Each structure stands twice: as C-alpha cells, then as structure tokens.
Amino acid sequence: AVPSQHPSLHPSKILSAIPDTPEQRPVLARTDTIVHKTQAQTRTQDNVCRASPDPIPGLGGITGAVLTGVFAAEAIGGVPGAIESNAFQVAIQAISVLVTAGYCAIAAFILLVVVWLVTGLRIEGDQESQGLDAALHGESVT
C-alpha cells in the first residue's frame, strides 16, 4: 500500500492517539506546564497577556551551537571537532554564540529606543485605570 493510504496513517487514528488529559500526557510536558504556571503565579510585572520570554529555545540553541564544535566531523564535509582532537573548534563555536548574543542585545536595545521615541513605552495612568479598550478604542460593555 502507498504510505499515504496506509490505514494506520489515517488522520482520525493519529488524532485519536493525542492525549486529551494531563494524566495522559508525557511527564516532561506536565512538568513544563507546572513550571510555566508557577512562573505565572510568581510574576509581579505588569503583563496582561502573561507573555514572557521563554529561555528554553535559547538555551537549546546555545547548547546545540557549542556541541557542534564537539561533534563536528571532517568525514561528513566539516572541520574536525573536539572528538577528533580539535578542541579549538569548541572555542570558535562558543565565541560565535557570544558574538550573536551581543548583536541581538544591541539590536534589541536600538529597537527599544526607536519604539520609545516614536510611540512611548507606557500609557497614561488614567488610561490604564480606565482600561485600554475603553480609553484607546472607545469600546464598552453594554
């Protein structure tokens, strides 16, 4: 049978295999949910949407970039890494991570200053207490 027509690959079977309750989810997913709920409860910043930068993707990217210097192999078209007795490649990867982080920090600061100069970073106190929907958009609950 063609893989797309295989009965076990039918969308209804795939969707029915997705866990519906927290008890059915893998342990790591439940742990991640607990961590994010705890962070939301302890957060004291003025943040209506509860949006906050999640450090996990960044840490994963940094780890992957540095470990590329460890596992790089000349046999697959690259330069030798630490496994092939070239520990200097790990230093090159670490320096590239630091340069990238510095570039991102400077670019973010420049964008912050531009937004601050163009629109400002906060609204007025009376608008905040009235509510943004009513103060800025004229919406009201009827």
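The values are calculated or read from the model by the stated rules, or taken from the named source; none is laboratory data. Keep in mind it's a predicted model, so treat the numbers as computed, not measured. Here the Cβ positions follow ideal geometry from the backbone for every residue, glycine too, while neighbour counts run over all protein chains shown. When the accessible area is computed, the model is the full protein with side chains, heavy atoms only, and any ligands, DNA or RNA have been set aside. Shrake-Rupley method; radii C 1.70, N 1.55, O 1.52, S 1.80 Å.
Tabulated values for the structure
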{"item": "Whole-Å distance, taken between Cα centres, linking segment 53-91 and segment 111-142", "result": "45 Å"}
{"item": "Relative packing of 74-80, 129-135, which averages over residues the other C-beta atoms within 10 Å, highest first", "result": "129-135, 74-80"}
{"item": "Of all accessible heavy-atom area on segment 52-98, the percent that carbon and sulfur account for (1.4 Å)", "result": "74 percent"}
{"item": "Per residue accessible area of segment 91-142, 1.4 Å probe, in Å²", "result": "84 Å²"}
